[in-house]
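Working notes for the structure below.
The values are calculated or read from the model by the stated rules, or taken from the named source; none is laboratory data. These numbers come from a predicted model, not from an experiment. Backbone-built Cβ (ideal geometry, glycine too); neighbour counts: all protein chains shown.
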Amino acid sequence: MSGEAGGPVQRTVLLDCDPGHDDAIAILLAAGSPMMELAGITTVAGNQTLDKTTHNARVVATVAGLDHVPVVAGCDRPLLRVLRTAAQIHGDSGLDGPSPVAPTVTVRPGHASDFLAETILARPGEITLVATGPLTNLGLALRRHPALAEAVRELVIMGGAYGPGNVTPVAEFNIYVDPEAAAIVFDAPWHVTMIGLDLTRQASCPDSVQESLRSLGTGPARFVDQLLTFYRRAYLESTGLIDPPVHDPCAIAYAAAPELFETRPAHVRVEACGALTAGTTVTDFSARSPGAGHEVAVKLNAAAFWKMLLDAIAHLG
């Protein structure tokens, strides 16, 4: 479990997410990694409605034994738009596949945007914020607590792409769902690393990963195996890909071990107005745009990534 006495904690992480199969695996990676302390989980509507993503976060936290980690619900819709979910990938529950788990982890009162800001402001320069869903909670938090951007250690976002999208030809799902919030987040004065589709598509899940999970024979390993079995089938039916990419754990892996990634400095702006291009992360790797304040992940050490993930699941026992 993260944060055990004597463990080599190197990062304190807040995770804002919309579970979702790959968000669930991201939570378990954070929980099982000795390289990080998970200080809180906040939820947002995205892969499914807020009631479902919050329930799913409680389920995964229960599987991981995270009774001590606050779970706080946030925005139930984008700032300006009608919510779009991803039931075609994640099912009606948002976490179809595993045997039902009755969650014992409860939801802390309050709103995610306030919890994120208050936690970070109380520990300036210490906390890495990782976002793996639409950026609605973060956009609202910045509007309510502008000092947040100066207080966070860094922000790691699973979202966007400098190449093709996965919802439209140019837009990735998390950014597309709430491009107005994403524009606020990318324009804020904090250090942002974008873990986009160009990187996460390098984390495609081979059958050997599930074979390794089955060999572990533990409750968390069975849970992840069941997640991946459903996710693999849904991804094949929806996209034709045999080995589905696990997007969100890549952002947690970057927070824990950035040496597994190659990044490039860039200037990223979010298109929020285009009729055909809303949600595009316009990424300039050249010197044409002033203030290139972002890092964009371009290459993953996939073998080391999968080893990290399997080790974390094994650590949860």
Among the candidates D225, D248, residue that is at pLDDT 95 or above, closer than 17 Å to L28 by Cα, among the acidic types (D, E) and in contact with an Asp or Glu (Cβ under 8 Å, 6 or more places away or on another chain): D248
Would you check which residues across region 192-216 are buried (at least 21 other Cβ atoms within 10 Å of the Cβ) and in a helix (DSSP H, G or I) and list them? L197, L199, T200, L213
Checking V60, V107 in turn, the sole residue that is part of a helix (DSSP H, G or I), in contact (Cβ under 8 Å) with a residue 12 or more places away in the chain and either in contact with a Lys or Arg (Cβ under 8 Å, 6 or more places away or on another chain) or crowded, with 16+ Cβ neighbours inside 10 Å (or both) turns out to be V60
Select from region 217-262 the residues that are crowded, with 19+ Cβ neighbours inside 10 Å, part of a helix (DSSP H, G or I) and not hydrophobic (A, V, I, L, M, F, W, C) and list them in ascending order. P220, D225, Y231, R232, Y235, D248, P249, Y254
Quick one: is D67 assigned to a loop (DSSP other than H, G, I, E, B), in contact (Cβ under 8 Å) with a residue 24 or more places away in the chain and not hydroxyl-bearing (S, T, Y)? yes
In region 120-152, which residue that is outside any helix (DSSP H, G or I) and hydrophobic (A, V, I, L, M, F, W, C) is surrounded by the fewest Cβ atoms within 10 Å (Cβ to Cβ)? A147
Meets criteria (under 23 Å from S33 (Cβ atoms), without any contact (Cβ under 8 Å) to a residue 60 or more places away in the chain, of a type outside the set (D, E) and touching a strand residue (DSSP E or B) at 6+ places or on another chain (Cβ under 7 Å)) for L260: yes
Go through the residues of region 34-43 one by one and say whether even a single one is without any contact (Cβ under 8 Å) to a residue 60 or more places away in the chain, crowded, with 24+ Cβ neighbours inside 10 Å and at negative phi. yes
Pick from region 305-317, criterion modelled with pLDDT of 95 or more and either exposed (fewer than 14 other Cβ atoms within 10 Å of the Cβ) or not hydrophobic (A, V, I, L, M, F, W, C) (or both), ranking: farthest from C250 (Cα to Cα): H315
May I ask you to list the residues in region 153-191 that are β-branched (V, I, T) and either assigned to a helix (DSSP H, G or I) or surrounded by fewer than 23 Cβ atoms within 10 Å (Cβ to Cβ) (or both)? V167, T168, V170, I175, V177, I184, V185
Count - residues of region 110-119 that are surrounded by 15 or more Cβ atoms within 10 Å (Cβ to Cβ) and closer than 19 Å to H68 by Cβ: 4
Could you grab me the full set of residues in region 105-138 that are closer than 20 Å to A24 by Cα and of a type in the set (D, E, K, R)? R108
Would you point out which residue out of D96, D51, D114 is outside any loop (DSSP other than H, G, I, E, B), in contact with a His (Cβ under 8 Å, 6 or more places away or on another chain) and of a type in the set (D, E)? D114
Being touching a helix residue (DSSP H, G or I) at 6+ places or on another chain (Cβ under 6 Å) and within 25 Å of M36 (Cα to Cα), is that true of even one residue in region 160-172? yes
